[in-house]
1. Take V83 and decide whether it is in contact with a strand residue (DSSP E or B) (Cβ under 7 Å, 6 or more places away or on another chain), not charged (D, E, K, R) and not in a loop (DSSP other than H, G, I, E, B).
2. Looking only at segment 172-214, how many residues end up being in contact with a helix residue (DSSP H, G or I) (Cβ under 7 Å, 6 or more places away or on another chain), assigned to a loop (DSSP other than H, G, I, E, B) and at pLDDT below 95?
3. Would you pick out the residues in segment 160-198 that are more than 20 Å from T226 (Cα to Cα) and of a type in the set (A, V, I, L, M)?
4. Between V79, V114, V83, which is modelled with pLDDT of 95 or more, aliphatic (A, V, I, L, M) and more than 18 Å from the chain's Cα centre (by Cα)?
5. Under 9 Å between Cβ atoms, at least 6 apart or on separate chains: pull out the pairs that start in segment 1-21 with a residue that is under 12 Å from H140 (Cα atoms) and modelled with pLDDT of 95 or more and end on any residue that is in a helix (DSSP H, G or I) and small (G, A, S).
6. In segment 137-155, which residue that is hydrophobic (A, V, I, L, M, F, W, C) and not in a helix (DSSP H, G or I) is farthest from I166 (Cα to Cα)?
7. Identify the residue in segment 128-170 that is within 15 Å of the chain's Cα centre (by Cα) and free of Cβ contacts under 8 Å to residues at least 60 places away in the same chain and, among all such residues, is nearest to N217 (Cα to Cα).
Amino acid sequence: MDLQTILQLNALNQSFYRKVASSFSETRQHPWSGWEIAWKTVANTLHTQKTVTVLDLGCGNGRFAVFCCNHLQPDQKLVYWGVDQDQQLLDLARETIAGCDRRHQLELQRRNIVEDLLQKTPNFSPQAIDVSVAFGLFHHLPSYELRLKALTTLARSLAPTGLLVISFWQFTRNLALMKRQLQPQQLGIDPSQLESNDFFLTWEREASATRYCHLVNREEQDSLITDTGLQLIDRFSADGRSGQDNDYVILQPK
């Protein structure tokens, strides 16, 4: 995939969230069931720490920050960095985290994640991180190279005992959603520059909009894990009515 196409796909997704941030956020008001499953591993690993640092890449409306605040032990302090590239979602995130206990340190930052990943040595955190998460993000990263770089960058941010929790949206399991896909030519995108399992899916709430989504299937998940040299701690599927909307992996440095 060439640079022009990467930037074109990123611009398409930026436009998507500008159009539908409000209605998108309305569908993201509650914790995903996969978070509860993953947190069992997090809690077991970090139960002795007094301060827990969390990096939430692609934080959206900030609901994972609230989830963390509600799941830490009473004597633990949360230091949280939420990063997203949509200003409307970050504004909603500020409202979301306003009700959290003031003993926690919660910060939000607007970053163009794709453009940052195109830099030589991207960095999304100011210090070593205990838990780095990316939920609903990897399907929006154009090209295997950028998805690998995102995973490598998150891994590099981890403390020695840190954990990396990633969800991969398995949207092809939703037949109704797949009926609403568009072809790249309809969007002025050169199909020869796309990778296998690249799709363009519409949104039909509040406003009509189209987003670029890549299916990170099990085979690609395994390749990403192998290429980063991380240790797989756990993997499972969860979320949605079927309990199969997302594949999760929990990783740790070897």
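The values are calculated or read from the model by the stated rules, or taken from the named source; none is laboratory data. This is a predicted model, so every value here is computed, not measured. Positions of Cβ are generated from backbone atoms using ideal geometry, with glycine treated the same way; all protein chains shown enter the neighbour counts.
1. Details: in contact with a strand residue (DSSP E or B) (Cβ under 7 Å, 6 or more places away or on another chain): yes; not charged (D, E, K, R): yes; not in a loop (DSSP other than H, G, I, E, B): yes.
Yes, satisfied.
2. Residues that pass the stated criteria total 3.
3. Within segment 160-198, L175, A176, L177, M178, L182, L187, I189, L194 meet the criteria.
4. Details: V114 fails: more than 18 Å from the chain's Cα centre (by Cα); V83 fails: more than 18 Å from the chain's Cα centre (by Cα).
Answer to the check: V79.
5. From segment 1-21, no pairs qualify.
6. Step one: of segment 137-155, the residues hydrophobic (A, V, I, L, M, F, W, C) are 137-138, 141, 146, 148, 150-151, 154-155.
Remaining after also requiring not in a helix (DSSP H, G or I): 137, 141.
Values: L137: 9, L141: 13 Å.
Per the criteria, the residue is L141.
7. If we filter segment 128-170 for residues that are within 15 Å of the chain's Cα centre (by Cα), which is where we start, we get 131-142, 146-155, 163-170.
Keeping just the survivors that are free of Cβ contacts under 8 Å to residues at least 60 places away in the same chain gives 149, 153.
Numbers: K149: 17, T153: 21 Å.
Applying the filter and picking the extreme gives K149.
Yes or no, residue by residue, for (1) at pLDDT 95 or above; (2) crowded, with 22+ Cβ neighbours inside 10 Å; (3) not in a strand (DSSP E or B):
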| site | (1), (2), (3) |
| --- | --- |
| K120 | no, no, yes |
| S125 | no, no, yes |
| T161 | no, no, no |
| I166 | yes, yes, no |
